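Have a look at the structure below, then the notes.
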Amino acid sequence: MLTKLFATFRADTSSDNLPDPDAELALGALLVRVAKSDADYQFEEISLIDRILTRLFQHNPVEAAKLRATCEKLHDAAPETDTFAKLIRETTGLEHRLAALDALWEVVLADGHERENEMRVLEQARKAMGLSYIDSQNARARAEAKR
């Protein structure tokens, strides 16, 4: 189902030869989406995304950077935040969805400011992943503790 949806919008980016998304790529694309949502995609956010991808998916730094670059292309090609979040919800368990929410909060808090656009993306993703407001508040607390 989601493969067909991605194929629909991928037709516009056929030269990019994007891979079929999985939960890993979907989370990376969501992280990029949050970081870019305030139109200020900073080096600190980019390096944080790389570190998150390294930590969550056991990549080395080069693999994580390549994955993030692919996720940036997926982010540019995808029509809605829900697409990625639903893929995560449908293909992972609760523990992985909570880890994804933690990672999203880390990116939102990376520059020390919660921007309205970032919060909107995070909330859309949270709801589409089937997580509660309490889950989000707990994820935020964990992300703040990591800072």
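The values are calculated or read from the model by the stated rules, or taken from the named source; none is laboratory data. All values derive from a computational prediction rather than experimental measurement. Using ideal geometry, Cβ is built from the backbone for each residue, glycine included, and neighbour counts are taken over all protein chains shown.
Observations
- Only one of the numbered conditions (1) touching a Phe, Trp or Tyr at 6+ places or on another chain (Cβ under 9 Å); (2) farther than 23 Å from Asn17 by Cα is violated by Asp102, and that is (1).
- The stretch 121-143, residues that are farther than 13 Å from Trp105 by Cβ, touching a helix residue (DSSP H, G or I) at 6+ places or on another chain (Cβ under 6 Å) and small (Gly, Ala, Ser): Ala128, Gly130
- Filter result for Glu95 (in a helix (DSSP H, G or I), closer than 18 Å to Arg126 by Cα and modelled with pLDDT of 95 or more): yes
- Search result, residues across the stretch 111-122 that are assigned to a helix (DSSP H, G or I) and in contact (Cβ under 8 Å) with a residue 12 or more places away in the chain: Asn117, Glu118, Arg120, Val121, Leu122
Residues checked against (1) buried (at least 17 other Cβ atoms within 10 Å of the Cβ); (2) among the basic types (Lys, Arg):
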site: Phe84; (1), (2): yes, no
site: Glu90; (1), (2): no, no
site: Glu95; (1), (2): no, no
site: Ala100; (1), (2): yes, no
site: Leu104; (1), (2): yes, no
site: Leu122; (1), (2): yes, no
site: Lys127; (1), (2): no, yes
site: Gly130; (1), (2): no, no
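- Looking at Leu53, Leu25, Leu2, just one residue is modelled with pLDDT of 75 or more, within 16 Å of Arg89 (Cβ to Cβ) and aliphatic (A, V, I, L, M), and that residue is Leu25.
- Failed item in (1) under 17 Å from Val121 (Cβ atoms); (2) among the hydrophobic types (A, V, I, L, M, F, W, C); (3) modelled with pLDDT of 95 or more; (4) surrounded by fewer than 13 Cβ atoms within 10 Å (Cβ to Cβ), with Val62 passing the rest: (1)
- Count of residues meeting criterion [surrounded by 14 or more Cβ atoms within 10 Å (Cβ to Cβ) and under 17 Å from Val121 (Cα atoms)] in the stretch 65-82: 9
- Pair list, Cβ < 6 Å and 6+ apart or interchain, from the stretch 62-83 residues that are without any contact (Cβ under 8 Å) to a residue 24 or more places away in the chain to residues that are part of a helix (DSSP H, G or I) and among the hydroxyl-bearing types (Ser, Thr, Tyr): Ala64/Thr54
- Enumeration of residues in the stretch 88-144 that are within 16 Å of the chain's Cα centre (by Cα) and on the phi > 0 side of the Ramachandran plot: Gly130
- Residue match in the stretch 131-142 (condition: touching an Asp or Glu at 6+ places or on another chain (Cβ under 6 Å), of a type outside the set (S, T, N, Q), in a helix (DSSP H, G or I) and at pLDDT 90 or above): yes
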